[in-house]
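Engineer: Handing you a structure now.
The values are calculated or read from the model by the stated rules, or taken from the named source; none is laboratory data. A quick note: this is a predicted structure, and the numbers were derived from the prediction, not measured. Positions of Cβ are generated from backbone atoms using ideal geometry, with glycine treated the same way; all protein chains shown enter the neighbour counts. Note: accessible area is taken over every heavy atom of the protein model, side chains too, but ligands, DNA and RNA are not part of it. Shrake-Rupley method; radii C 1.70, N 1.55, O 1.52, S 1.80 Å.
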Amino acid sequence: MLQNALLLVPLLVLVCCSQQNRPIIGIMTQPREDHPEYGSYLVASYVKLFESAGARVIPIHFDSTKEELLHIFNSINGLVFPGGGSFIDYGHDLFFPNSMYLYNLTIEANDKGDYFPVWGTCLGFEMLHIFASEIFDRTVLSSYDAWDISYPLVWSQGHKESKMFSGLLQDHRVFDDLSKYNSTMNYHKFGVSPETYKTNTKLNEYFKILATNSDRQGKEFISIVESKKYPIYAVQFHPEWPIFEWEESANVAHFQEAVRGNSHFGRFFVNECRKNNHQFADKHDERRRLIYNYKADFTVTTTGDVQTYYFPKK
Ligand SMILES: *[C@@H]1O[C@H](CO)[C@@H](O)[C@H](O)[C@H]1NC(C)=O
Ligand SMILES: *[C@@H]1O[C@H](CO)[C@@H](O)[C@H](O)[C@H]1NC(C)=O
């Protein structure tokens with residue numbers, strides 16, 4: 001009895017309190033339909049949001065093999081599906097099926113007690129809704145008139161008790177930063193309606209709605225969700241924009257409240273990534289995959305994003 005208890009103590013310490021303080025986040029790259037000469041791309045501001053919160057980033061090439069994806073999944077501490085314009089249904093390139101493969105690995109891992117977090121922004125938000133609905137097509141999405149517009153968040157009931165925001169009660173300013181000013185930058189023509197949750201029980205059981213907004217026509221869309229069961233989080237707006245994107249004509253806020261409020265999302269997610277011990281077995285393998293191996297192009301005049309990584313075709 002005593003012996004068993006003694007054996008249990010170090011195990012509990014290991015499970016509950018050890019922190020991964022060198023977290024690495026994998027961010028999915030996307031095909032660039034308008035530039036077939038490039039293999040894939042990743043907008044640098046997604047990288048910066050998580051780097052500035054204490055993580056390193058590796059790009060996950062959307063057209064990798066399953067073996068490669070599995071190897072990376074087992075070696076990183078969190079996964080990000082960024083925004084963009086890629087197809088999020090079957091019948092196109094490998095972006096959607098490979099994203100779903102990584103999502104499936106995430107669910108499997110968490111069901112086995114391996115705490116593996118996922119973040120989705122904009123297109124990533126929409127894609128996570130497609131996965132969670134288990135319909136695997138775009139019927140859970142609606143059209144919105146919310147291209148290039150910033151909003152103050154409208155909090156949903158219970159948001160302060162969420163995983164995403166309960167740690168903030170000491171720093172109450174962030175709630176105001178995000179909901180008293182036009183701090184959250186929206187750039188979407190699709191989205192998910194709270195009405196859809198009423199008819200889709202899968203989504204309703206899966207996600208808790210933390211905030212909403214309404215588009216130019218007054219049509220309500222969901223702005224933030226977190227999974228009730230898994231460490232899976234998604235935002236329809238772009239937290240990386242107020243901090244890292246400088247396209248002059250964009251309706252984006254750069255005042256200090258917007259910067260402070262949006263940086264919460266990077267810090268929150270990186271802290272989630274500290275909670276598992278995935279790592280690269282081989283440091284050489286880790287080093288050769290890190291984003292530092294690539295040079296970002298200055299693209300503000302061509303794409304509207306300040307910096308973009310273009311990855312060569314394999
Ligand atoms: C992911 O899991 C779903 C549901 O179990 C399954 O239908 C789908 O084929 C899987 N997809 C991939 C790419 O593993
Ligand atoms: C947000 O911007 C809109 C115009 O786009 C303006 O009417 C509104 O007053 C602004 N809200 C806040 C809280 O600044």
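Engineer: Which numbered condition trips up ASN204, out of (1) in contact (Cβ under 8 Å) with a residue 12 or more places away in the chain; (2) more than 24 Å from PHE50 (Cβ to Cβ); (3) open to solvent by 40 Å² or more (accessible area, probe 1.4 Å); (4) not in a loop (DSSP other than H, G, I, E, B)?
Structural biologist: Every listed condition holds for ASN204 apart from (1).
Engineer: Tell me which residues, restricted to the range 49-98, are within 15 Å of ligand 1 (Cβ to nearest atom) and of a type in the set (S, T, N, Q).
Structural biologist: Result: SER64, THR65, ASN98.
Engineer: Restricting attention to the range 208-220, does a residue exist that is on the phi > 0 side of the Ramachandran plot, open to solvent by 50 Å² or more (accessible area, probe 1.4 Å), assigned to a loop (DSSP other than H, G, I, E, B) and not basic (Lys, Arg)?
Structural biologist: Of the residues in the range 208-220, the ones on the phi > 0 side of the Ramachandran plot are 218.
This time we only want the ones that are open to solvent by 50 Å² or more (accessible area, probe 1.4 Å), so: 218.
Okay, now just the ones that are also assigned to a loop (DSSP other than H, G, I, E, B), so 218.
Now restrict to residues that are not basic (Lys, Arg): 218.
Yes, the range 208-220 contains a residue that is on the phi > 0 side of the Ramachandran plot, open to solvent by 50 Å² or more (accessible area, probe 1.4 Å), assigned to a loop (DSSP other than H, G, I, E, B) and not basic (Lys, Arg).
Engineer: Separate question: Please enumerate the residues belonging to the range 218-268 that are hydrophobic (A, V, I, L, M, F, W, C) and more than 13 Å from the chain's Cα centre (by Cα). Spell out the reasoning first.
Structural biologist: Of all residues in the range 218-268, those hydrophobic (A, V, I, L, M, F, W, C) come to 221-222, 224-225, 232, 234-235, 237, 241, 243-244, 246, 250, 252-253, 255, 258-259, 265, 268.
Correct list: PHE221, ILE222, TRP241, ILE243, PHE244, TRP246, ALA250, VAL252, ALA253, PHE255, ALA258, VAL259.
Engineer: Is one or more of the residues making up the range 230-247 open to solvent by less than 20 Å² (accessible area, probe 1.4 Å), away from ligand 2 (no atom under 16 Å from the Cβ), without any contact (Cβ under 8 Å) to a residue 40 or more places away in the chain and in contact with a strand residue (DSSP E or B) (Cβ under 6 Å, 6 or more places away or on another chain)?
Structural biologist: no
Engineer: Scan the range 152-162 and tell me whether some residue there is in contact with a strand residue (DSSP E or B) (Cβ under 6 Å, 6 or more places away or on another chain) and under 18 Å from LYS202 (Cα atoms). Lay out the reasoning, then the answer.
Structural biologist: Let us first name the residues in the range 152-162 that are in contact with a strand residue (DSSP E or B) (Cβ under 6 Å, 6 or more places away or on another chain), namely 153-156, 159, 162.
Then drop every residue that is not under 18 Å from LYS202 (Cα atoms), which leaves none.
Taking every residue of the range 152-162 in turn, none turns out to be in contact with a strand residue (DSSP E or B) (Cβ under 6 Å, 6 or more places away or on another chain) and under 18 Å from LYS202 (Cα atoms).
Engineer: Conditions: (1) β-branched (Val, Ile, Thr); (2) in contact (Cβ under 8 Å) with a residue 40 or more places away in the chain; (3) more than 16 Å from PHE265 (Cβ to Cβ). THR199 meets all but one. Number of the miss?
Structural biologist: Only one criterion is unmet by THR199, namely (2).
Engineer: Now a separate question. Would you mind finding the one in PHE136, PHE165 that is within 16 Å of ligand 1 (Cβ to nearest atom), in contact (Cβ under 8 Å) with a residue 24 or more places away in the chain and either in contact with a Ser or Thr (Cβ under 8 Å, 6 or more places away or on another chain) or not charged (D, E, K, R) (or both)? Explain how you work it out, then say what you get.
Structural biologist: Numbers: PHE165 fails: within 16 Å of ligand 1 (Cβ to nearest atom).
Exactly one of PHE136, PHE165 is within 16 Å of ligand 1 (Cβ to nearest atom), in contact (Cβ under 8 Å) with a residue 24 or more places away in the chain and either in contact with a Ser or Thr (Cβ under 8 Å, 6 or more places away or on another chain) or not charged (D, E, K, R) (or both), namely PHE136.
Engineer: Let me ask you something else. Which fully enclosed strands (runs of 3 or more DSSP E) of the range 107-192 have 3 or more residues being within 16 Å of ligand 2 (Cβ to nearest atom)? Reasoning before the result, please.
Structural biologist: Numbers: elements: 118-121, 142-151, 184-191.
In the range 107-192, 142-151, 184-191 are the strands (runs of 3 or more DSSP E) which contain 3 or more residues that are within 16 Å of ligand 2 (Cβ to nearest atom).
Engineer: Among the residues of the range 76-93, write down those that are surrounded by 15 or more Cβ atoms within 10 Å (Cβ to Cβ) and either under 27 Å from THR139 (Cβ atoms) or in contact with a helix residue (DSSP H, G or I) (Cβ under 7 Å, 6 or more places away or on another chain) (or both).
Structural biologist: Keep residues of the range 76-93 that are surrounded by 15 or more Cβ atoms within 10 Å (Cβ to Cβ), which gives 76-84, 86-88, 93.
Within the range 76-93, ASN77, GLY78, LEU79, VAL80, PHE81, PRO82, GLY83, GLY84, SER86, PHE87, ILE88, ASP93 qualify.
Engineer: Continuing with the same structure: Yes or no: GLY124 buried (at least 24 other Cβ atoms within 10 Å of the Cβ) and among the small types (Gly, Ala, Ser)?
Structural biologist: Values: buried (at least 24 other Cβ atoms within 10 Å of the Cβ): yes; among the small types (Gly, Ala, Ser): yes.
Judged against the criteria, GLY124 is a match.
Engineer: In the list ALA109, ALA132, which residue meets the criterion of being out of contact with any His (no Cβ under 8 Å at 6 or more places or on another chain) and crowded, with 22+ Cβ neighbours inside 10 Å?
Structural biologist: Details: ALA109 fails: crowded, with 22+ Cβ neighbours inside 10 Å.
Only one candidate passes the filter, namely ALA132.
Engineer: Right, something else. Among the residues of the range 258-290, which ones are among the acidic types (Asp, Glu) and surrounded by fewer than 19 Cβ atoms within 10 Å (Cβ to Cβ)? Steps first, please.
Structural biologist: As a first pass, look at the range 258-290 and keep what is among the acidic types (Asp, Glu): 272, 282, 285-286.
Listed by number, the residues that qualify are ASP282, ASP285, GLU286.
Engineer: In the range 210-217, is there at least one residue being within 16 Å of ligand 1 (Cβ to nearest atom) and either at pLDDT below 95 or farther than 30 Å from THR303 by Cα (or both)?
Structural biologist: Pass one, the range 210-217, residues within 16 Å of ligand 1 (Cβ to nearest atom): none.
No: zero hits.
Engineer: Name the residues in the range 291-304 that are open to solvent by 30 Å² or more (accessible area, probe 1.4 Å) and assigned to a loop (DSSP other than H, G, I, E, B), would you? Please lay out each step first, then the result.
Structural biologist: Here is the first cut: in the range 291-304, the ones open to solvent by 30 Å² or more (accessible area, probe 1.4 Å) are 292-295, 297-298, 300-303.
Once the filter is applied, which keeps residues that are open to solvent by 30 Å² or more (accessible area, probe 1.4 Å) and assigned to a loop (DSSP other than H, G, I, E, B), the range 291-304 yields TYR294, LYS295, VAL300, THR301, THR302, THR303.
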